[in-house]
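Computed from the coordinates by the stated procedures, all read-outs in this text should not be read as laboratory data. The structure displayed is predicted, hence computed values, not measured ones. As a convention, Cβ positions derive from the backbone with ideal geometry for all residues, glycine included, and neighbour counts pool all protein chains shown.
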């Protein structure tokens, strides 16, 4: 039975909203129940940004995640400090180790440190760090298929960004490899 509650969090401009939208759209393509609840700081870039994503086989009662996230994907230190406590015991915490040197303070979580920014630069686009993190998450939890994420990418970003699908597919693969 699928019931994933994911918090994606970071600075504005790190692609945390896109990550959430892709998960949500991929879930819709697969016929799952989904919700996506964005939250922005007052700044456009550099401010805080996070979203709550739910993917389920059953109807979703509320899009709000409070202390019961199955996973938090954190791209920066303020997000780790804010959302680490919201993950359930035994849940997943994915930390962008490129920007966060601090280790998790919780021993009851499955914690993974992913050098997302370094990997994104290696594959040729520093903006793909979010997709590296998403690839790691998909490898761990598999709530949707990678193919559905790539199909969602075309829908969310439109035909003008279709040329970026191969790069993003590589970012997903490299993120998954961090878990294997």
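Results for (1) surrounded by fewer than 20 Cβ atoms within 10 Å (Cβ to Cβ); (2) closer than 19 Å to residue 136 by Cβ; (3) more than 15 Å from the chain's Cα centre (by Cα), shown as yes or no for each residue.
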residue	(1), (2), (3)
7	no, yes, no
20	no, yes, no
23	no, yes, no
37	yes, no, no
55	no, yes, no
59	yes, no, yes
63	yes, no, yes
77	yes, yes, yes
81	yes, no, yes
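Tallying residues that are in contact with a helix residue (DSSP H, G or I) (Cβ under 6 Å, 6 or more places away or on another chain) and assigned to a strand (DSSP E or B) within region 11-34 yields 1.
Checked against the criterion of being surrounded by fewer than 20 Cβ atoms within 10 Å (Cβ to Cβ), touching a strand residue (DSSP E or B) at 6+ places or on another chain (Cβ under 7 Å), touching a residue at least 12 places away in the same chain (Cβ under 8 Å) and in a helix (DSSP H, G or I), the candidates 167, 150, 140 yield just one match: 140.
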